[in-house]
Amino acid sequence: MRRLLVLGSGTAGTMAVNKLRPRLSPDEWQITVVDSGDTHYYQPGYLFIPFGIYRPDEVAKPSRRFIPAGVDRVIGEIDLVEPERDVVRLTDGTQLPYDYLIIATGTTPRPDQTEGMVEGMAAGTVHEFYTYPGAVALAEKLKGWEGGRLVVQIVEMPIKCPVAPLEFTFLADAFFTEQGLRDRVDLTYVTPLEGAFTKPVSSRYLGSMLEERKVALEPDFMLERINPEGRTLVSYDEREIGYDLLVTVPINMGADYIARSGLGNELNYVPVDRGTLLSRAHDNIFAVGDASDIPASKAGSVAHFSMEMFPENFTRHVAGLKMAHQFDGHANCFIETGHGKGLLIDFNYETEPLPGKYPLPGVGPFSLLKETEMNHWGKVLFRWLYWNVLLPGKDLPVPALMSMAGKERKDA
Ligand SMILES: Cc1cc2nc3c(=O)[nH]c(=O)nc-3n(C[C@H](O)[C@H](O)[C@H](O)COP(=O)(O)OP(=O)(O)OC[C@H]3O[C@@H](n4cnc5c(N)ncnc54)[C@H](O)[C@@H]3O)c2cc1C
């Protein structure tokens, strides 16, 4: 019997076991998945909780519903991987041997990595929406907030769903407008990037959307520390930005056990081949989803598109054959922009987000880099697709690799 051990039953780990179980004979392969928790969270939904658009219970379901029959589940905290012994140890002392290991433990916001952030959170003036408790606490805060300086800020890239802080800003503008409070809220967007977003074309589009909404943009801001008493952000080049309410995206890092096991880079991401997701150091370890160091967005869509080709690569690799597919870093993200509209971006390792139509050239129905109601409905529909199509490992009728069909290059 060969043993496949999957670490993490979030988006990527759950898709992996659903896609691999039917391909690996139960007579030959035992599959086990380990996670510290028993609840599966739909993380894109965290964005909507602070504004009362989603209730907290709408983004959480028991994990067991999504793990197929024939896959063993272990609930426990991973403590260490010993690649030279092919064993994973849990904090309760359990040892789990493996022949093949898939690391899918994602990335986590780490307020402890920035001076003053934990203290600011304890004081109730610094908040975040990248975790379930964080999003719920921010909803409570916004309910009673009467206005002032609201700063939305990213400490450092990469972060998962890099457009989420922009979406939060657009939704905050719409929320305060609808509450009749907008003229009492001074909104600032603070980023370590040189513009609103990473790549020139989308940065220009998204930057002008901030301007239209009278959101001040503070680019190139490398945060050194937060001064929780004075309520200021201080950068390495000694710029200071004052806030009454700070909504921050803390540094995102891979799990600490990855560092302890000698498997990660400086942010605890596992170095892998960007086309196959095979570890560069170990021939029987893969890293999928946010846990790897591939230079793609850390996004559920990347986990999904890469999972379209990963299972066949995996089965070929364990059979001693050359892997057949090369992942291209394909990502797409709906960007909620408020008042029932949204934007869509579609890109990969090489091609930046461009305007156009998706998935059908000229037809859409979704528009790239353009605010439309249809894009908003795409985002709304995505939650249903997530629970019912993507997580169970079913196929979506859109190509896994990015296509230039429908994209307009003239704006580049
Ligand atoms: C606010 C927000 C908005 C987002 N919006 C979008 C969006 O619109 N579109 C999009 O595509 N993506 C979006 N994302 C990103 C998306 O949710 C992630 O990229 C995706 O969940 C990554 O999947 P993963 O399996 O790699 O990690 P996760 O889904 O995070 O799963 C990791 C799992 O590992 C487990 N784990 C971690 N460490 C340990 C340990 N030591 N021991 C045991 N278990 C452990 C965790 O409990 C978790 O279940 C958003 C994320 C956030 C936070």
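The values are calculated or read from the model by the stated rules, or taken from the named source; none is laboratory data. Model, not experiment: these values are computed from the prediction. When we count neighbours, we look across all protein chains shown, and the Cβ atoms used for this are built from the backbone with ideal geometry, even at glycine.
I'm trying to understand the selection: among the residues of segment 203-247, which are charged (D, E, K, R) and at pLDDT below 95?
R204, E238
Take the residues in segment 154-175 that are under 24 Å from G144 (Cα atoms) and near the ligand (Cβ under 9 Å from one of its atoms), then tell me which one is nearest to the chain's Cα centre (by Cα).
Among those residues, the one meeting the criterion is A164.
Could you run through segment 349-370 and say how many residues are on the phi > 0 side of the Ramachandran plot and in a strand (DSSP E or B)?
2
Within segment 80-113, which residues are closer than 29 Å to S297 by Cβ and of a type in the set (D, E)?
D112
Has segment 48-71 got any residue that is more than 15 Å from the ligand (Cβ to nearest atom), over 23 Å from R225 (Cα atoms) and out of contact with any helix residue (DSSP H, G or I) (no Cβ under 9 Å at 6 or more places or on another chain)?
Yes, some residue in segment 48-71 is more than 15 Å from the ligand (Cβ to nearest atom), over 23 Å from R225 (Cα atoms) and out of contact with any helix residue (DSSP H, G or I) (no Cβ under 9 Å at 6 or more places or on another chain).
Can you tell me which residue in segment 85-111 is surrounded by the most Cβ atoms within 10 Å (Cβ to Cβ), limited to those that are assigned to a strand (DSSP E or B), near the ligand (Cβ under 10 Å from one of its atoms) and not polar (S, T, N, Q)?
Looking at residues that are assigned to a strand (DSSP E or B), near the ligand (Cβ under 10 Å from one of its atoms) and not polar (S, T, N, Q), I get I103.
From the list Y386, Y349, which one is closer than 21 Å to T14 by Cβ, under 20 Å from the mean Cα position of the chain (by Cα) and among the aromatic types (F, W, Y)?
Answer to the check: Y386.
Considering segment 112-146 alone, what residues qualify as being under 25 Å from D256 (Cα atoms) and either in a loop (DSSP other than H, G, I, E, B) or of a type in the set (K, R) (or both)?
Within segment 112-146, T114, G116, E128, F129, Y130, T131 qualify.
Looking at segment 1-19, which of its residues are outside any helix (DSSP H, G or I) and more than 8 Å from the ligand (Cβ to nearest atom)?
M1, R2, R3, L4, L5, V6 - these are the residues of segment 1-19 that are outside any helix (DSSP H, G or I) and more than 8 Å from the ligand (Cβ to nearest atom).
Hey, could you check segment 186-202 for residues that are of a type in the set (S, T, N, Q) and at pLDDT 95 or above and say which is surrounded by the fewest Cβ atoms within 10 Å (Cβ to Cβ)?
Selected residue: T188.
Applying the selection to segment 20-33, what residues are surrounded by 12 or more Cβ atoms within 10 Å (Cβ to Cβ), more than 13 Å from the ligand (Cβ to nearest atom) and not in a loop (DSSP other than H, G, I, E, B)?
L20, R21, P22, W29, Q30, I31
May I ask you to say which residue of R316, R239 is away from the ligand (no atom under 16 Å from the Cβ), more than 22 Å from R21 (Cα to Cα) and among the basic types (K, R)?
The conditions single out R239.
I'd like to check something: does segment 342-359 contain any residue that is closer than 25 Å to K61 by Cβ, in contact (Cβ under 8 Å) with a residue 24 or more places away in the chain and either touching a helix residue (DSSP H, G or I) at 6+ places or on another chain (Cβ under 7 Å) or away from the ligand (no atom under 16 Å from the Cβ) (or both)?
Scanning segment 342-359, I find at least one residue that is closer than 25 Å to K61 by Cβ, in contact (Cβ under 8 Å) with a residue 24 or more places away in the chain and either touching a helix residue (DSSP H, G or I) at 6+ places or on another chain (Cβ under 7 Å) or away from the ligand (no atom under 16 Å from the Cβ) (or both), so the answer is yes.
Looking at segment 34-44, can you tell me whether even one residue there is in contact with a Leu (Cβ under 6 Å, 6 or more places away or on another chain), within 8 Å of the ligand (Cβ to nearest atom) and modelled with pLDDT of 95 or more?
So far as segment 34-44 goes, yes, one or more of its residues are in contact with a Leu (Cβ under 6 Å, 6 or more places away or on another chain), within 8 Å of the ligand (Cβ to nearest atom) and modelled with pLDDT of 95 or more.
Here are some conditions: (1) under 20 Å from G264 (Cα atoms); (2) surrounded by fewer than 16 Cβ atoms within 10 Å (Cβ to Cβ). A12 meets all but one. Which one does it not meet?
Failing condition for A12: (2).
Which is farther than 16 Å from S403 by Cα, assigned to a strand (DSSP E or B) and of a type in the set (G, A, S), of G320, G342?
The match here is G342.
Give me the residue from segment 246-303 that is acidic (D, E) and more than 10 Å from the ligand (Cβ to nearest atom) and, out of that set, farthest from G76 (Cα to Cα).
D273
Hey, which of the strands (runs of 3 or more DSSP E) in segment 224-291, taking only ones fully inside, have at least 3 residues that are of a type in the set (A, V, I, L, M)?
Where strands (runs of 3 or more DSSP E) fall fully within segment 224-291 and carry at least 3 residues being of a type in the set (A, V, I, L, M), they are 245-249.
Pick from P158, P165: which is of a type outside the set (A, V, I, L, M, F, W, C), at pLDDT 95 or above and not in a helix (DSSP H, G or I)?
Going through P158, P165 in turn, just one is of a type outside the set (A, V, I, L, M, F, W, C), at pLDDT 95 or above and not in a helix (DSSP H, G or I): P158.
From the list V126, V81, pick out the single residue that is more than 18 Å from the chain's Cα centre (by Cα), modelled with pLDDT of 95 or more and within 15 Å of the ligand (Cβ to nearest atom).
V81
All but one of (1) away from the ligand (no atom under 14 Å from the Cβ); (2) crowded, with 24+ Cβ neighbours inside 10 Å; (3) of a type in the set (D, E, K, R) hold for E336; state the number of the condition that does not hold.
Against the list (1) away from the ligand (no atom under 14 Å from the Cβ); (2) crowded, with 24+ Cβ neighbours inside 10 Å; (3) of a type in the set (D, E, K, R), E336 comes up short only on (1).
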